[in-house]
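J.: Let me give you the structure first, and then I'll get to my questions.
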Amino acid sequence: MTVTWEESGWEQVAAGVGRCRLPGWDCTAGLVVGAGAVLLVDAGSSLGEGARLRAQAQALTGRRVTHLALTHPHFDHVLGAAAFAGAEVFGAVGMDTALAGRGREELRADAVRHGLDARAADEAVDALVRPRHAVRGEWTLDLGLGRGGGRQVLLANVGPGHTAHDLAVLVPGDPEVVFCGDLVEESGEPQAGPDAVPSHWPAALDRLLELGGEDARYVPGHGAVVDAAFVRAQRDALAARFGVSR
Ligand SMILES: [Zn+2]
């Protein structure tokens, strides 16, 4: 039995494409439904949240999540990943090492510093799933052929910027949808932590704009869906903030 996006508390962004704003840190999770596969974009901030996302995705599509794309190695986007056993996990090249060794410790510390319960953080970091597929450049993901035609999604390594491992997800259609990760934020000033690469961030937004074009809907890592003009303005503001010239 399937439910509608609205009944699940999700926002439909285009046909077969939705997003939800998770409680706590207002982090976005995205869902792209193909005829043969279901792609989730980011996994939430804990195993419990990942499990809730899994249940919602199942209720929405009647199927399991088969593919998981992680936009960058921050706790609120990746700590639920272990709830998706069997899914093929994708991340920007180098993400697997960012989630190992000292990276795991930093991820845990950052989660607790942001208010995640320490036990939930331990549990999630112990079970942490690292991407099996490293995206260098672009990767076309085929979500299967159905009555409405095929659905191919483009995973694009557009960073560095917000982190050293920023992955965007482009979903062709009318409108096109671009999941931006935290390269774009609408609900507040873009967060630049110690792992940000500010000098390259504006160029990453240029690549996002090239991918999506003028008419795409851009889904930020935090906040409401925006348009190309918003992304361009944020690009210019970041360039000014970090003293990056064109
Ligand atoms: Zn982030």
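Values quoted throughout were computed directly from the atomic coordinates according to the rules given, and no laboratory measurement underlies them. Everything numeric in this text was worked out from a predicted model, so none of it was measured. Positions of Cβ are generated from backbone atoms using ideal geometry, with glycine treated the same way; all protein chains shown enter the neighbour counts.
J.: Relative contact order for the range 86-142: what percent, with Cα pairs under 8 Å and sequence separation of 6 or more?
T.: Taking the mean separation of contacting Cα pairs over the length of the range 86-142, I get 58 percent.
J.: Let me know the whole percent of all Cα-Cα pairs from the range 5-242 that are separated by more than 28 Å.
T.: 23 percent
J.: Tell me which of VAL135, ALA228, PRO175 sits at the most positive position along the dipole axis of the chain, charges placed on C-beta atoms (Lys, Arg +1; Asp, Glu -1).
T.: VAL135
J.: Anyone know which of ASP76, ASP182, ASP122 comes out most mobile in the 10 Å Cα GNM of the chain?
T.: Top of the fluctuation ranking is ASP122.
J.: While we're looking at this one, here's another question. In deg cm²/dmol and to the nearest 500, what is the mean residue ellipticity at 222 nm of the chain if only DSSP H runs of at least 4 residues count, each as -39500 (n - 2.57), divided by the residue total?
T.: -8500 deg cm²/dmol
J.: Could I ask something else about it? Compute the relative contact order of the chain as a whole-number percentage, counting only Cα pairs closer than 8 Å that sit 6 or more residues apart in sequence.
T.: Reported relative contact order: 16 percent.
J.: While we're here: Between ALA51 and ALA127, what length in nm is gained on full extension when 0.36 nm per residue of separation is reduced by their alpha carbon distance?
T.: 26.1 nm
J.: What's the Kirkwood radius of the range 157-246 in Å, using all Cα pairs?
T.: It works out to 12.6 Å.
J.: Then there's this: Given a 10 angstrom Cα cut-off, can you work out which residue in ASP227, ASP126, ASP42 is the most mobile in a GNM of the chain?
T.: Fluctuation is largest for ASP126.
J.: Still on this model: Going highest first, how would you order 59-69, 77-87 by mean Cβ packing within 10 Å?
T.: So the peptides 59-69, 77-87, ranked by packing, come out 77-87, 59-69.
J.: Still on this structure, please answer the following. Per-residue counts of other Cβ atoms within 10 Å, averaged by peptide: what ranking do you get for 156-164, 20-28, highest first?
T.: Result, highest mean Cβ count within 10 Å first: 156-164, 20-28.
J.: How about the range 1-44: which GluC sites (Glu not before Pro) there lie in a loop by DSSP and see at most 12 other Cβ atoms within 10 Å?
T.: Loop-located and lightly packed - GLU6, GLU7.
J.: What's the center-to-center distance, using Cα atoms, between the range 43-105 and the range 186-246 in Å?
T.: With the range 43-105 and the range 186-246 each reduced to a Cα centre, they are spaced 23 Å.
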